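Input: a single structure, listed below in structure tokens.
The values are calculated or read from the model by the stated rules, or taken from the named source; none is laboratory data. No experiment lies behind these values; they were computed from the predicted model shown. Because the Cβ atoms are built from the backbone with ideal geometry, glycine has one as well, and the counts that use them run over all protein chains shown.
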Amino acid sequence: MEIILNETISSLGSAGDIVTVADGYARNYLLPQGKAILAEKKNVALMERRRAAILARAAKQREEFQALASQLESMDITIPVRVGEDDKLYGSVTSMDIARIIEENGYPIDRKKIQLPEAIKAVGEYEVPVKVAPEVTATLKVKVVQEETDEDA
């Protein structure tokens with residue numbers, strides 16, 4: 001089925017592109033969510049007229065995402081955790097933990113955008129990519145440190 005994308009979808013294309021997808025994907029997800037419209041003659045003509053506005057909106061959003069990415073990159077994220085022998089963690093630090101810290105600093109972000117290849121299981125400094133938008137990725141500096149306890153004092 002041919003559709004016209006209303007927004008950029010990383011696996012398909014940019015807003016305004018005409019792409020071919022499986023019928024079920026279009027009918028069950030893209031069309032009901034408003035992410036695409038059918039590539040009929042009248043919709044193609046309408047999209048050509050709206051293309052300039054779509055490109056301008058996409059450029060503005062890209063600038064906003066770039067600004068958010070630079071703010072995220074400037075953050076120092078420190079996560080205190082309980083540590084056992086050989087600096088191994090009791091449990092692990094996951095993308096959910098990182099997302100919670102980012103939200104506490106005033107930047108709500110979906111944990112699915114945090115591209116942590118696997119959970120962090122040791123104390124140290126890590127660089128974690130965050131996909132802010134399809135073409136904008138920020139790199140967070142995450143420090144995992146030993147939690148201060150009453151016994152340490």
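What single numbered condition from (1) closer than 27 Å to Ser11 by Cα; (2) loosely packed, with under 15 Cβ neighbours inside 10 Å fails to hold for Tyr90?
(1)
Scan region 2-52 residue by residue and report those that are surrounded by fewer than 12 Cβ atoms within 10 Å (Cβ to Cβ), hydroxyl-bearing (Ser, Thr, Tyr) and touching a residue at least 12 places away in the same chain (Cβ under 8 Å).
Answer for region 2-52, where residues must be surrounded by fewer than 12 Cβ atoms within 10 Å (Cβ to Cβ), hydroxyl-bearing (Ser, Thr, Tyr) and touching a residue at least 12 places away in the same chain (Cβ under 8 Å): Ser10, Thr20.
Only strands (runs of 3 or more DSSP E) wholly contained in region 24-133 count here; list those with 2 or more residues that are among the charged types (D, E, K, R) and modelled with pLDDT of 90 or more.
Numbers: elements: 36-38, 76-81, 88-93, 120-122, 124-133.
Those strands (runs of 3 or more DSSP E) span 124-133.
Consider only pairs whose beta carbons are under 6 Å apart and that are at least six residues apart or on different chains; among these, list those whose first residue lies in region 135-152 and is farther than 23 Å from Lys112 by Cβ and whose second residue is modelled with pLDDT under 90 and of a type outside the set (Val, Ile, Thr).
Val145/Pro80; Glu147/Pro80; Glu147/Arg82
Being out of contact with any helix residue (DSSP H, G or I) (no Cβ under 8 Å at 6 or more places or on another chain) and surrounded by fewer than 17 Cβ atoms within 10 Å (Cβ to Cβ): is that true of Glu135 here? Even if it seems obvious, please write down each step before you answer.
Working: out of contact with any helix residue (DSSP H, G or I) (no Cβ under 8 Å at 6 or more places or on another chain): no; surrounded by fewer than 17 Cβ atoms within 10 Å (Cβ to Cβ): yes.
The answer is no for Glu135.
Farther than 20 Å from Gln146 by Cβ, without any contact (Cβ under 8 Å) to a residue 40 or more places away in the chain, touching a Ser or Thr at 6+ places or on another chain (Cβ under 6 Å) and of a type in the set (A, V, I, L, M) - does that describe any residue in region 90-106?
no
Kindly provide the set of residues from region 143-153 that are of a type outside the set (Asp, Glu) and at pLDDT below 90, ordered by number. Give the derivation first.
Initial filter on region 143-153 (of a type outside the set (Asp, Glu)): 143-146, 149, 153.
Val144, Val145, Gln146, Thr149, Ala153 - these are the residues of region 143-153 that are of a type outside the set (Asp, Glu) and at pLDDT below 90.
Do you know which residues across region 3-34 are farther than 22 Å from Ala53 by Cβ and either more than 24 Å from the chain's Cα centre (by Cα) or outside the structural domain of Ala53 (by TED's automatic domain parsing) (or both)?
Thr20, Ala22, Asp23, Gly24, Arg27
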